[in-house]
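So the structure is just underneath, and the comments pick up after that.
The numbers here are math on the coordinates, done by the rules we state, and not lab data. These numbers come from a predicted model, not from an experiment. Methodologically, a virtual Cβ is constructed for each residue, glycine included, from the backbone with ideal geometry; neighbour enumeration extends over all protein chains shown.
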Amino acid sequence: MPAMMRRLAQRVGLVAILALGGAVAGVADDALTPPQAEAVKKLVHDYLLEHPEVIVDSLKAADERQQAGNQAEQQKVITERHAELFDDPASPVLGNPKGSVTIVEFFDFRCPYCKGMAKDLRDLVQTDGNIRLIYKDFPILGPASHFASKAALAAQKQGKYADLHDALMSFKGQINNDVVLDLAKRAGLDVAQLQKDMDSPDIEAQIRKNYDLAGALKITGTPGFIIGDSVVDGAMPLDKMKELVAAQRKS
């Protein structure tokens, strides 16, 4: 779910509170007589009707403060958990292992936004030639997503993570367990061995670690990206991703 939708929900809640006049009413009822309290409420009500931009500006300022606080926390997590994010040997790495810029993607195989960005991301890595891409399987859209991530991570043991990842991202229909195994077979995997490897405790542990990292970084939807030392929540156009990569190189 894009971050914009979550922020919109928060704003609707704030507007509802303002409309009810809860905070103003509480102060007025304690400090003023009933007629005075009613007069204050009416003044506030009338002023907000005449100047709705006050609410917009207030919400914008609150949103900016929240984003600044989130960014500070994210920077702290990136610093403190750098090795888990960028040097975990269990996380699949594509592109140039020694690339000058690292992109980390938290994704779900059933997320339409992840699927929509998959080709652009792959093309960027291939054409640039100097990007290190780390995949963090983050299955948040149900059991089928979880099964797909377990299969993809288990495919690493056969050297086929990228093949199965691309097959799953390119698939146009609904992903379920049978589809995952069929795509694995088409990608050249030994499916019987894959199913055994999927039950390995280290596969589930890797997914749980990704959940924990995403939570610490305040990534609650997919896709979520770390580009250098910047966290980007949600899908973005290819040009925007190129800009972020260029900015990291300059810095």
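Observations
- Within straight-line cross-link reach of Lys98, aspartates and glutamates at Cα separation under 14 Å, skipping those fewer than 8 residues along the same chain: Asp87, Asp128
- With a Förster radius of 25 Å applied to the C-beta separation of Asn176 and Asp123, the computed FRET efficiency comes to 0.35.
- Rounded, prolate or oblate (a/c below 1.5 giving rounded, otherwise prolate when a/b exceeds b/c) for region 84-250 by Cα gyration tensor: prolate
- Phi to ³J(HN,Hα) by Karplus 6.51 cos²θ - 1.76 cosθ + 1.60 over region 102-119, Hz, x for Gly, Pro: 10, 10, 10, 10, 8, 8, 10, 5, 9, 7, x, 5, 5, 4, x, 8, 4, 5
- The string of couplings for region 149-161 from the Karplus curve (6.51, -1.76, 1.60, θ = phi - 60°) is 5, 4, 5, 5, 5, 5, 5, 4, 5, 9, x, 10, 4 Hz, one whole number per residue in order, with x for Gly and Pro.
- Region 111-210 shape via C-alpha gyration tensor axes, a/c threshold 1.5: rounded
- Charge context of Phe225, other residues only, Cβ under 9 angstrom, K/R +1, D/E -1: -2
- Mean Cβ count within 10 Å, highest first, over the residues of peptides 32-40, 140-148, 232-240: 140-148, 232-240, 32-40
- Efficiency of FRET from Cβ geometry, Lys250 and Ala192, R₀ 51 Å, rounded to 0.05: 0.55
- Cross-link partners of Lys240 among lysines (Cα-Cα below 18 Å; sequence separation of 8 or more within a chain): Lys115, Lys119, Lys250
- In this simple spin-label model, placing a label point 7 Å from the Cα along the Cα-to-Cβ direction at both Lys218 and Ala90 gives a separation of 2.7 nm.
- Taking a Cβ cut-off of under 13 Å around Gly99, the surrounding Lys, Arg, Asp and Glu residues balance to a net charge of +2, with basic ones at +1 and acidic ones at -1.
- 20 Å Cα-Cα reach of Lys41 towards aspartates and glutamates, excluding residues that sit fewer than 8 places from it in its own chain: Asp29, Asp30, Glu50, Glu53
- Estimated FRET transfer efficiency when R0 is 51 angstrom, pair Ala39-Asp229 (beta carbons, to 0.05): 0.45
- Loop-located trypsin sites (Lys or Arg not before Pro) in region 80-118, at most 16 other Cβ atoms within 10 Å (DSSP): Arg81, Lys98
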